[in-house]
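The values are calculated or read from the model by the stated rules, or taken from the named source; none is laboratory data. Keep in mind that what you see is a predicted model, and the values were worked out from it rather than measured. Positions of Cβ are generated from backbone atoms using ideal geometry, with glycine treated the same way; all protein chains shown enter the neighbour counts.
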Amino acid sequence: MTNDGTKPDDLLDEVDALRTEVERFNNHRFVRIQNSPWRLFFYRFILGVATGFGTVFGATVMVSFAIYWLQGIDWLPLIGDWAGQIATEMKAGTE
């Protein structure tokens, strides 16, 4: 019997279980990616490209909706002129 009241066989079983868990952890995809510099670089590169594309796509959709909405505000003098000017500049930029 040990100092904490467990039997040596129990300790061996716990060490075997711990060894199994560590082996399972080391075989996990995340750990394999972190252990290889090239895999990590490729993973981070793809993640950055996807984030950048999503940001640009989302901003494009939001700005297009805002411009479409602002085009309908022709009846307000100050905002209508400003919205018309933005719409004109946007149309000139796409041509």
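Would you confirm whether or not the stretch 37-58 contains a residue that is farther than 30 Å from K91 by Cβ, loosely packed, with under 10 Cβ neighbours inside 10 Å and free of Cβ contacts under 8 Å to residues at least 60 places away in the same chain?
Within the stretch 37-58, one or more residues are farther than 30 Å from K91 by Cβ, loosely packed, with under 10 Cβ neighbours inside 10 Å and free of Cβ contacts under 8 Å to residues at least 60 places away in the same chain.
Considering every residue within the stretch 17-28, establish whether at least one is modelled with pLDDT under 85 and among the polar types (S, T, N, Q).
So far as the stretch 17-28 goes, yes, one or more of its residues are modelled with pLDDT under 85 and among the polar types (S, T, N, Q).
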